[in-house]
Amino acid sequence: MLISDRSDRSDLVDILRPFGDVATVMTSDIPDSPAGICGVVVEMDLRNAINVQQVRDRILGKAYQSMPRLFVLNEALHHCAMQAWALGATDTIVRPFDARGLQQRIRSAFPNTPEDDATAKGRALSKGVAAANLVLAKIFERLPLGIPLTFDDVMQAEAQILKAIKRSSLREWLQMVGRHHNASYRHCLSVTGYAVAFAQHMGMRDADQRRLTRAALLHDVGKAFIPVAILDKPAALTDEERAVMRTHPQRGYDSLAAQGSFPPEMLDVVLHHHEYLDGSGYPHGLAGDAISDIVRIITIVDIHSALTENRPYRAPFTPAKAFATMEAMTDQLDKHLLQAFRPVALGM
């Protein structure tokens with residue numbers, strides 16, 4: 001459903017049409033019940049109090065709560081983005097945009113489009129990716145605006161993520177998240193997939209699977225505070241840029257610790273996932289027993305995911321090459337956990 005305060009939005013209708021029938025409604029005519037709708041796209045003047053009230057009265061209601069809501073912003077202004085998030089946005093995009101870019105956002109944000117598998121497995125996979133994507137949107141788009149992330153935000157997503165990978169497969173999860181337009185989102189989604197598959201492969205109890213899911217999803221939260229020019233640079237970083245990038249564990253830790261609801265082990269992962277057993281990691285140069293088991297696991301899946309991802313400055317490693325590279329890090333990674341991870345890594 002396309003919600004607009006104008007009738008001349010044919011460009012958006014044309015872009016959305018490949019995903020199914022498009023119901024176009026004015027802000028004053030939003031239905032109480034979104035029957036048959038898989039997602040909502042909103043484009044309107046967010047400075048118009050009447051428009052804002054009309055949209056708030058409908059899409060913040062219970063009927064729309066579980067539905068993806070993409071807001072198209074006509075201006076990249078702080079207050080417009082804040083207003084969109086206050087109205088329940090699950091993603092935002094700023095004009096001007098290209099049709100292909102917007103379609104990629106739709107595929108990432110909306111479950112159960114015609115492209116997706118219509119089976120229960122496909123629906124579970126779509127919902128799991130959408131739930132994880134919503135958490136990442138809150139991290140990368142809301143935290144820099146001063147809107148805090150809560151532990152409840154993460155807990156609401158974990159069950160759907162676990163169900164998605166259990167009912168489908170790690171391969172299918174990675175294929176779906178690989179379509180995401182944003183490299184930082186792709187990496188966090190990929191790390192989460194590997195962590196969940198690893199936990200399920202090892203037969204961890206449900207509570208431990210949930211702990212690992214949360215930790216993986218949040219491990220790079222500090223990158224929300226890194227300048228986009230560095231985060232999305234299409235080349236290798238300079239020494240100065242790398243120094244800025246290496247501040248993300250501490251910045252992520254400070255943000256979540258200030259919020260006050262996150263368990264110590266999650267803060268530990270956010271702060272220490274770049275530490276190595278030989279003391280050569282950062283930010284604190286921890287070594288040996290000072291590094292917890294959950295951090296050791298996230299470090300392994302983080303490195304494997306990074307090596308197998310396509311980067312602008314290098315081709316992705318094959319799973320076998322990535323795992324061999326990690327085996328050569330003999331004094332840095334937990335050897336027992338790494339060998340336990342082998343079937344998950346090479347199963348791809």
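What follows is calculated from the coordinates using simple rules that are stated; it is not laboratory data. Quick caveat, the model's predicted, so the values are computed rather than measured. Here the Cβ positions follow ideal geometry from the backbone for every residue, glycine too, while neighbour counts run over all protein chains shown.
Principal axis analysis of the Cα atoms in the range 227-307 yields extents of 35, 31, 21 Å, listed in decreasing size.
Relative to the longest principal axis of the C-alpha atoms of the chain, give the angle of the C-alpha long axis of helix 335-346, reported between 0 and 90° and rounded to the nearest 10°. With both axes taken from Cα atoms, the answer is about 40 degrees. For residue 201 and residue 325, the difference between the fully extended length at 0.36 nm per residue and the C-alpha to C-alpha distance is 42.5 nm. Taking the fewest neighbouring Cβ atoms within 10 Å as the starting point, the ordered list for 37, 106 is 37, 106.
Stretching the chain fully between residue 208 and residue 49 yields a gain of 52.6 nm (0.36 nm per residue, less the alpha carbon separation). Over all other residues within a Cβ to Cβ distance under 11 Å of residue 191, the charged ones net out to -2, with Lys and Arg as +1 and Asp and Glu as -1. To the nearest ten degrees, helix 293-308 and the longest principal axis of the Cα atoms of the chain are 70 degrees apart. Charged neighbours of residue 288, selected by a Cβ distance under 14 Å, balance to -4 (K, R count +1; D, E count -1). Once backbone amide H atoms are built at 1.01 Å from N, residue 333 has 277 as its partners under 5 Å, excluding neighbours fewer than 5 places away on the same chain.
Of the residues 155, 67, 326, the one with the fewest other Cβ atoms within 10 Å heads the list, and the complete ranking is 155, 67, 326.
At a threshold of 8 angstrom on Cα-Cα distance, excluding pairs fewer than six apart, so keeping six or more, what relative contact order does the range 2-109 reach in percent?
Numbers: 135 pairs, mean separation 27.2, N = 108.
Reported relative contact order: 25 percent.
Past the 21 Å Cα-Cα mark, which pairs from 223/321; 166/335; 163/223; 127/163; 121/163? Pairs exceeding the cut-off: 223/321; 166/335; 163/223. When Rg and the Kirkwood Rh are both derived from Cα coordinates, the Rg/Rh ratio for the chain amounts to 0.98.
Entry note, the chain: relative contact order of 11 percent, from Cα contacts under 8 Å with a spacing of 6+ residues.
Taking the longest Cα principal axis of the chain as reference, the axis of helix 183-201 is set at about 60 degrees. Exposure proxy for 138, 163: other Cβ atoms within 10 Å of each Cβ, ordered fewest to most, give 163, 138.
Computed on the Cα atoms alone, the convex hull of the range 2-109 gives a volume of 93 cubic angstrom per residue.
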